[in-house]
Amino acid sequence: MKKTFISASVASVLALASFGALAEGPSFYGRLELAVTNTETGATLQSGTNGLEANYADENNAGTYLENNFSLLGVKGSEKIADGYDVVYQMEFQVENTSGTGDVFKARNTYLGLKTNAGTVLVGRNDTVFKQAEGAVDVFGNTNADIDRLVSGQTRSADGIWYYSPKIAGLVTLNATYLIDDNEKVTSAEGKDSSNDYALSATLGDSKFKEQNYYLAVAYNKGISGIDAYRGVAQVKLGQFKVGGLFQNSESVADSSIDGNTYFVNVVYDLNGVNLKAEYGYDEAGFGKYYSTLGQAGADDISVNNFNVGADYRFSKSTMVYGQYSMYKGDYKDTTGAKIDLQDDNVFSVGVRYDF
């Protein structure tokens with residue numbers, strides 16, 4: 001009886017090992033991230049934050065809030081179906097049950113794809129390759145100091161096709177996003193539809209600094225989210241320092257006369273496991289979330305300065321704590337040519353992130 005049980009156990013282990021050789025997953029994962037934030041206007045808080053009025057720029061939104069910084073649940077994996085062919089998949093959902101919105105789950109990156117020696121093709125919902133070109137240069141990402149407060153094109157698109165080439169010479173990857181017709185249409189001032197929207201990018205090096213200590217990217221966005229844009233990204237690791245920057249030019253599809261540049265530079269210093277971070281951003285385009293909440297997107301002669309400082313520390317692989325301060329200050333001209341000062345916003349946050 002014992003021999004039979006042992007034989008069955010060994011057979012079960014061998015079967016699992018055989019399956020593991022063919023499949024990676026499915027693996028379940030998630031993140032819970034909450035922050036306590038004090039703000040003067042609420043202009044850069046996460047949109048689902050409980051208690052925010054419809055007009056974020058209203059001074060009545062000054063105060064202290066509990067922010068949900070994109071807590072999520074997901075499952076992902078891959079399975080070999082033939083030599084050189086793997087099915088890859090991911091289903092990810094944002095969890096909003098700590099906020100004041102009615103929808104507990106929101107769609108995030110969810111796709112089905114095929115990985116071959118010639119590259120990987122994904123179909124579904126995903127960050128565009130234009131957004132992904134940022135690499136790790138968004139050092140305050142997923143918080144109220146995310147670069148998307150100033151820069152546009154940080155888009156997660158549905159009903160699209162993605163292609164990622166293998167690394168050429170172990171360094172360069174060519175990538176593309178194509179959105180199915182009729183899913184992204186914006187009519188320009190000339191009456192033209194911007195269907196067949198797409199994004200292209202080329203990356204060099206390693207954004208995680210595991211294989212190379214540098215990362216470079218160029219990307220182009222055609223029509224997605226109503227803009228034509230191009231960007232360049234660079235980041236390098238020098239000992240305990242990481243230095244990075246992003247430049248982007250954006251133009252409205254609906255009105256080509258509305259355009260401008262956005263710049264970011266930042267530095268991160270690893271002080272015995274504590275990441276000290278500082279970032280400066282400047283924008284003259286007016287397409288970021290900061291303007292959409294203020295209702296000034298596309299205003300003339302926009303000039304906004306953004307400064308962020310902060311620190312984070314991981315107690316373990318799963319748990320990180322952080323604190324940060326952000327300042328936004330700027331002005332623009334309205335349709336009459338009058339100069340309008342934007343409400344300055346000073347934002348303080350402390351938060352905790354738990355990954356599993």
Original post:
Looking at (1) in contact with a strand residue (DSSP E or B) (Cβ under 7 Å, 6 or more places away or on another chain); (2) surrounded by fewer than 20 Cβ atoms within 10 Å (Cβ to Cβ), which is the only condition GLY239 fails?
Top reply: (1)
Original post:
Restricting attention to the stretch 310-356, which residues are β-branched (Val, Ile, Thr), buried (at least 17 other Cβ atoms within 10 Å of the Cβ) and within 20 Å of the chain's Cα centre (by Cα)?
Top reply: none
Original post:
What number of residues within the stretch 133-186 satisfy the criterion of being β-branched (Val, Ile, Thr), assigned to a loop (DSSP other than H, G, I, E, B) and within 29 Å of LEU45 (Cβ to Cβ)?
Top reply: 6
**OP:** Please determine, by comparing only the residues of the stretch 110-165 that are at pLDDT 95 or above and acidic (Asp, Glu), which one is nearest to VAL88 (Cα to Cα).
**Re:** ASP127
**OP:** Return the only residue of TYR269, TYR325 being under 23 Å from GLN154 (Cβ atoms), modelled with pLDDT of 95 or more and in contact with a strand residue (DSSP E or B) (Cβ under 9 Å, 6 or more places away or on another chain).
**Re:** TYR325
Original post:
Going by the structure shown, is SER303 modelled with pLDDT of 95 or more, among the polar types (S, T, N, Q) and in contact with a strand residue (DSSP E or B) (Cβ under 6 Å, 6 or more places away or on another chain)?
Top reply: no
**OP:** Would you please name the residue that is surrounded by the most Cβ atoms within 10 Å (Cβ to Cβ), looking only at residues in the stretch 103-132 that are within 10 Å of the chain's Cα centre (by Cα) and not in a helix (DSSP H, G or I)?
**Re:** THR128
Original post:
Could you count how many residues in the stretch 193-213 are more than 18 Å from the chain's Cα centre (by Cα) and either under 16 Å from ILE168 (Cα atoms) or buried (at least 19 other Cβ atoms within 10 Å of the Cβ) (or both)?
Top reply: 5
**OP:** Look through the stretch 243-255, keep the residues that are buried (at least 17 other Cβ atoms within 10 Å of the Cβ) and touching a residue at least 60 places away in the same chain (Cβ under 8 Å), and return whichever of them is farthest from TYR214 (Cα to Cα).
**Re:** VAL253
**OP:** Evaluate the following for TYR215: is it hydroxyl-bearing (Ser, Thr, Tyr) and not in a strand (DSSP E or B)?
**Re:** no
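The values are calculated or read from the model by the stated rules, or taken from the named source; none is laboratory data. Everything numeric in this text was worked out from a predicted model, so none of it was measured. FYI the Cβ positions are ideal-geometry reconstructions off the backbone, even for glycines, and counts take in every protein chain you see.
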